[in-house]
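Chemist: Structure below; questions to follow.
The values are calculated or read from the model by the stated rules, or taken from the named source; none is laboratory data. Predicted model only: the values in this text are computed from it and were never measured. Positions of Cβ are backbone-derived with ideal geometry, glycine not excepted, and every protein chain shown enters the neighbour counts. Heads up: the accessible areas ignore ligands, DNA and RNA and are worked out on the full protein's heavy atoms, side chains in. Shrake-Rupley method; radii C 1.70, N 1.55, O 1.52, S 1.80 Å.
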Amino acid sequence: MAQLTLKVKKVANKNLRTKVMGFASRAIANGVATFDDICAQAALNTTLHPKELALAFGLALDAVRDALKNGKIVDLDQIGRLYPAISSHWTETEEEQTIDGLTKRVAYRPSQEITAAIAGARLAWATKQEAEESDDNGTTTDDGGDNGGGNQGGELEG
């Protein structure tokens, strides 16, 4: 497989600690692979019709959804894991940590294979047109980088 190239664009961003406007960089996704696209690709060179695969895959996604709704960690093998997690702000004392200050979310921990592919990606600045197109179609990805927010992840281990 060819080496992944991630296009990067610069975006205006305020540092949450200092309140100073500046810039951050964000990756631009290489398009969107829809559910139907994935099913069609997965069905290639099999006896399955893409619609049959979509039905089975959809049932598997129902099971993933239900497991997450029940607070379970979902191990998706080659993809990685989805799991319930919380985020909290740093406090000086234990007593300052309150349930009201927590943010609930679903987190994703990619497999080693995916982590390696992203880590080995070549970075290249996006052209002005690519950057503008990403604004139009929502393909800019937020890397959750440190922009001064001060959040600490409190993730479940699995």
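Yes/no per residue for (1) surrounded by 14 or more Cβ atoms within 10 Å (Cβ to Cβ); (2) at pLDDT 95 or above; (3) out of contact with any strand residue (DSSP E or B) (no Cβ under 6 Å at 6 or more places or on another chain):
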residue	(1), (2), (3)
K51	no, yes, yes
A54	yes, yes, yes
A63	no, yes, yes
D66	no, yes, yes
K69	no, yes, yes
R81	yes, yes, no
A85	yes, yes, no
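Chemist: Okay, moving on. Limited to region 87-134, what total is found for residues that are within 25 Å of R65 (Cβ to Cβ), among the polar types (S, T, N, Q) and open to solvent by less than 60 Å² (accessible area, probe 1.4 Å)?
Modeler: 2
Chemist: Can L59 be described as in a helix (DSSP H, G or I), touching a residue at least 12 places away in the same chain (Cβ under 8 Å) and aliphatic (A, V, I, L, M)?
Modeler: Answer is no for this residue.
Chemist: Within region 12-29, which residues are within 22 Å of Q129 (Cβ to Cβ) and surrounded by 14 or more Cβ atoms within 10 Å (Cβ to Cβ)?
Modeler: Those that are within 22 Å of Q129 (Cβ to Cβ) and surrounded by 14 or more Cβ atoms within 10 Å (Cβ to Cβ): N13, A24, S25, R26, A27, I28, A29.
Chemist: Go through region 70-126 residue by residue and tally those that are part of a loop (DSSP other than H, G, I, E, B) and of a type in the set (G, A, S).
Modeler: Total satisfying the criteria: 5.
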